[in-house]
Amino acid sequence: MSVAGKPVSERVLRTAFYSRTSEANLLNKWHSWRGYTTADAYYDASIEYFACRNATGVFDLCPMTKYRITGPDALAYLDRLVTRDMTRIKPGRVAYAVWCNDAGKVIDDGTIFHLSQGEYRLCAYGRHLAWLLAATLGFDVSVEEETDEIAALAVQGPTSCAILKDMGLDGIENLKPFGLTHFDHGQLMVSRTGFTGDLGYELWVERRFAENLWDRLFEAGRLRGIRAMGGDALDMARIEAGFLQAEVDFLPADQVVRPGRARSPYELGLGWLVDLEKANFNGRRALAREKAEGSSVWQMVKLVIEGNKPADASYIYAGTRKQVGFVTSAMWSPVAKQNIALATVKAPYGNNESNLHAEIYYQRELHWSRVMARCEVVDKPFWDPPRRRATPPADY
Amino acid sequence: MNSYDAIVIGAGHNGLTNAAFLAKAGLKVVVLEKNDYIGGAAVSRELHKDWIYSNCSYVCSLLRPEIFQALDLARHGLQVTPYGGSVTFMRNGDYLGSYWDHEVAHREMARHSRHDADAYQRFAAETMRQTRFIRDFLLRTPPDPTSFRYRDIKELLAIGRRVLEMDEEAIYDTLRFWTMSIGDYLDEFFECDVIKASLAGSGIIGTALGPYSPGSAYVLLHHYMGEVDGNIGAWGFARGGMGGVSNAIASALQAFGGEIRKEAEVQQIIVRNGKAAGVALASGEEVSAPIVVSNLDVRRTFLNVMDEKDLDSRFLERVRNFHIRGSSGKLNIALDGLPTFPALPKGSSLMHSDMHFIDSLERIERAYDDWKNKTWSRDPYVDMLIPTLTDPTMAPPGKHFMSCFVQYCPPELDTGEWTDQDRDAFGKTVIDQISEYSPDFKDLILHVEIRTPRELEQEIGLTEGNIFQGELTMDQLMFNRPIPGFAQYRAPVKGLYMCSSSTHPGGGVMAAPGANAAREILADLKRPNTVPENFGDD
Ligand SMILES: Cc1cc2nc3c(=O)[nH]c(=O)nc-3n(C[C@H](O)[C@H](O)[C@H](O)COP(=O)(O)OP(=O)(O)OC[C@H]3O[C@@H](n4cnc5c(N)ncnc54)[C@H](O)[C@@H]3O)c2cc1C
């Protein structure tokens, strides 16, 4: 963010890694992510995708919104903000969480890093300062946005641990999933987190250290298949992992205009993040009621779809006639060799008894065809390799 | 040949629209206009050689696309080009820009308040919710809540359904919204003065309300409920000025066989045996028709061009009580070149946007105080634009037309009627305000047309110069507009109809009142309807 008084540029912003990402971007394919220029793909999305499944892919996640939450009441504040029990998240741990409005509808999801006692970083897709500040009422806590000050890279894939070791991050192999640790006298934070559902880490530094970090990382990874990875490849990986994408799979409640378009955590399949036993939190009353009455209207489901035609923008039917929902994310999964999708269906239909079908339109040499493809509802992520959890992880 | 199926009094864009749909249905129609030009407040005029002024309305968003399509206005020459953004210059030398691009807009707002930049998202969503509600009713005749006719009940149910479709919280919000002030509404979202000031403009333009007057929040909707190509809330320039709208509608009307007579001022609506029979012109000529439609505001229609004896007293009393207070003025300026605004970065896209020179709600409220005290605002809210940066047809290359809409400007001064000296002093106030932010502006001025409520009333017959032909307050909206019981475009005299901005859904270059009235007339005549339905938002 620019300083008050200094005019903002109308040009799309550059992330802290732009000198490196622009060099790497042979295709010159970019999109604006929250006003920052972000690579769609550097050389080929599928090669980049395979880098993260087979070696290591590096994704520039600087535009992710970051807040620093500090103060004596930081824990109590966060515990009231999000639906999960934050008292269990000790310093050095990271929690995936959702936060809701008073009606129990999800405003966004994100990760909360417990940096040290009374000090947290909240990382989210959307921008929520107005909401986060409004929620400080009654708490001795400070919330500051640090999106532009903190640079971050996701380093994801089976060789990622080995690369970080080669980079000199001693003991990184002992970091457990959802753990965080510091190196270089605290200048570099590493968390074992990511959006690919695979072994992977995220590296966080102040902006001024960004280019140096990139160079060290790529130097260390040279012999271990490291590659820059764009947004297209990351999107493939996150669908395979079954991760929801805000503004794609659900809409933040504060952006919703039409009635009934916001979703509760239960409706998003995130009921495991809701702890109705803990102290009061935003949306608790509404969520307790929804749970008690079983009044969820929607259900987010993971679908394995017969055949090989991706079900982008498909309607979902119970049987082949009754329309009960729609696909929000879909792809052919190269690792799972499955045709997969995330879909929103009306509540009672999110099961295999409903005999779900996807209505798929596909184009071949300009001509459109349509199939009704049988869908199977699955519980587990489409891709969930043991190395994701192994500590210490293997070198490849 | 002085006899028609229908006479429309006034060639404002609503009168023309009304006539076009009647002519499309096969009626023999004539539009009678007092001026030697058509368009009323949607007009382009060459008042300085080679310069075309949009001398009243200046930007287009409300014009219903259904009507654009149904009258084939594109073929009749109308082209609307969107523009975006705004800038509010601040006393401290800084400015707040609002950009077409959401990200740049966010970044700029965050420069002033990160909180507000993020709060804007919820503000936009909630305002859109209200906007969608009202949009549904623009091309519909308001139901009469006291009637038991099938159609009124059906329409009332449609409103009810729209309300029930909302989430619980949205229903509460809606009820509050319709009576709230724009200031209170903005205070619920934002903390930063200049951000609030920049958004408040839409709540006060054209209305004799201050930013903290109840009811001004609705006025915001009136500026948000339009669109350009489905982009709700977007505004555009009609190529060639706002007369482009009226001229295209007039061309469509003529293509359907309708007639337009200029310099044909109507002096009297003739009523015989309780039925409209025609009109008498100022020239003494009589034109007869069983249907007479008035494009004049409701006060002018019933108090100026009708014989009071043809109407009932309670009705006339209500007409007299109709709020139609003038509160706006306008400057149209021919410029020898593009003025510079040193606060803006070189090459800023904000030059193409609306410019404002008042940076807090308090200053706007003070500007309103002046109006209450019967003087024009010493520190006015000006909505200034340079359309020639977008439209190449309105001035020679390199030269510019500047449009300055001014709030507040009273219909009468504490010293009495407006004089020419007062008018010039008013103009000077506005020019001085702009000059504070643009040192070279004054030297570029070649010609200025200054319009106070006096000129607006005298030239186009807007009573008191009220730009919307009646305040947009809850007591004068929907089934209360213009007069309770008379919201369905029918006057109390058989054969007499109203089609002006005084009727639902109100002022602005929207063409909806004219079209809605035509639908009612055709229904009464048992003719097939030619007026399109709402496209509908899904
Ligand atoms: C200064 C100003 C700025 C505005 N800015 C905008 C804007 O930017 N965007 C927007 O959408 N809206 C704007 N508006 C509002 C909008 O222009 C009007 O609400 C709209 O044009 C009114 O149209 P109308 O057809 O209902 O009536 P009018 O345009 O008022 O038409 C009435 C017609 O009747 C004629 N007439 C009057 N008396 C007689 C008589 N006795 N005999 C025959 N003819 C008669 C008049 O000459 C006139 O042509 C503005 C208005 C003004 C005044």
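Only the coordinates and a few stated rules stand behind these numbers; no lab work does. All values reported here derive from a predicted model rather than from experimental measurement. Using ideal geometry, Cβ is built from the backbone for each residue, glycine included, and neighbour counts are taken over all protein chains shown.
The alpha-carbon of residue B:442 sits under 17 angstrom from the alpha-carbons of these aspartates and glutamates, leaving out residues fewer than 8 places away in its chain: B:336, B:424, B:432.
Grab the alpha carbons of the protein assembly as shown, take their convex hull, and tell me the volume per residue in Å³. Write down the numbers at each step before the final one.
Details: hull volume 178.8 nm³, N = 934.
Spread over its residues, the Cα hull of the protein assembly as shown gives 191 Å³ apiece.
If you model chain B as an ellipsoid using its alpha carbon gyration tensor, with each semi-axis the square root of five times an eigenvalue, the axes come out at 36, 27, 22 Å, biggest first.
In peptide B:157-170, how many Cβ atoms from other protein chains are near each Cβ within 10 Å, on average?
Numbers: counts 0, 0, 0, 0, 0, 0, 0, 1, 3, 3, 8, 2, 3, 4.
For peptide B:157-170, the averaged partner shielding equals 2.
Spin-label pair residue B:314-residue A:119: with each label point 7 Å from Cα along the Cα-Cβ axis, the two points sit 7.6 nm from one another. So which GluC sites (Glu not before Pro) in the stretch A:308-396 are both in a DSSP loop and have at most 14 other Cβ atoms within 10 Å of their Cβ? In loop regions of the stretch A:308-396 (DSSP not H, G, I, E or B), the sparsely surrounded GluC sites (Glu not before Pro) are A:365. Among the residues of B:98-104, the average count of other protein chain beta-carbon atoms within 10 Å of the residue beta-carbon is 4. The value of relative contact order for the stretch A:297-378, using C-alpha pairs under 8 Å at least six residues apart, is 37 percent. Ordering B:37, B:117, B:27 by Cα displacement along the dipole of the stretch B:1-132 toward the positive end leaves B:27 in first place; charges were set at the Cβ atoms of Lys, Arg (+1) and Asp, Glu (-1). Taking every full run of DSSP H in chain B, the ones that stretch at least 15 Å from end to end by Cα along their long axis and average -0.5 or higher on the Kyte-Doolittle scale are B:13-24, B:150-164, B:193-204, B:243-255, B:512-524. The translational diffusion coefficient of chain A, from Stokes-Einstein at 20 °C and 1.002 mPa s with a Kirkwood hydrodynamic radius over alpha carbon pairs, comes to 97 µm²/s. Taking every residue in B:115-123 and counting other chain Cβ atoms within 10 Å of its Cβ, the average works out to 6. For a quick check, take a GNM of chain A with Cα springs below 10 Å and name the residue from A:66, A:302, A:322 with the largest mean-square fluctuation. Among A:66, A:302, A:322, the largest GNM mean-square fluctuation belongs to A:322. The chymotrypsin sites (Phe, Trp or Tyr not before Pro) of the stretch B:437-538 that meet both conditions, a loop assignment by DSSP and at most 16 other Cβ atoms within 10 Å of the site Cβ, are B:535.
The alpha carbons of the stretch A:121-212 give a radius of gyration and a Dmax of 15.3, 47 Å, in that order. Ordering of A:231-243, A:18-30, A:337-349, B:160-172 by packing is A:231-243, A:337-349, A:18-30, B:160-172, highest average first (other Cβ atoms within 10 Å, averaged per residue).
Run through the stretch B:105-168 and list the chymotrypsin sites (Phe, Trp or Tyr not before Pro) located in a DSSP loop whose Cβ has at most 10 other Cβ atoms within 10 Å. Working shown, then result.
On the way: sites: B:120, B:123, B:133, B:137, B:148, B:150; in loops: B:137, B:148.
Qualifying residues, ordered by number: B:148.
If the Kirkwood radius is taken over C-alpha pairs of the stretch A:297-378, then at 37 °C and 0.692 mPa s the Stokes-Einstein diffusion coefficient equals 265 µm²/s. Peptide packing for B:30-43, A:303-316 was compared via the average number of neighbouring C-beta atoms within 10 Å per residue; ordered from the highest value, the list is B:30-43, A:303-316.
The antiparallel fraction among DSSP beta bridges confined to the protein assembly as shown stands at about 85%. For chain B, the relative contact order comes to 25 percent (Cα pairs under 8 Å, sequence separation of at least 6). Projecting the Cα atoms of A:196, B:311, A:246 onto the dipole axis of the protein assembly as shown, where Lys and Arg carry +1 and Asp and Glu carry -1 at the beta carbon, places A:196 farthest toward the positive end.
Would you work out the relative contact order for chain A, in percent, from Cα pairs under 8 angstrom that are 6 or more residues apart?
Details: 881 pairs, mean separation 70.8, N = 396.
Once normalised by length, the contact order is 18 percent.
Between the stretch A:219-292 and the stretch B:50-83, the C-alpha centres lie 44 angstrom from each other.
So what is the 222 nm mean residue ellipticity for the protein assembly as shown from helices alone, if each DSSP H run of at least 4 adds -39500 (n - 2.57) and you divide by all residues, rounding to the nearest 500 deg cm²/dmol?
Details: 24 runs with 249 residues, N = 934.
Value at 222 nm, helices only, nearest 500: -8000 deg cm²/dmol.
Among the listed pairs B:24/B:154; A:6/B:196; B:262/B:330; A:90/A:380, give every one whose C-alpha distance is greater than 22 Å. Intermediate results must be reported in sequence, preceding the final value.
Working: B:24/B:154 28 Å; A:6/B:196 20 Å; B:262/B:330 25 Å; A:90/A:380 27 Å.
Among B:24/B:154; A:6/B:196; B:262/B:330; A:90/A:380, the Cα-Cα distance tops 22 Å for B:24/B:154; B:262/B:330; A:90/A:380.
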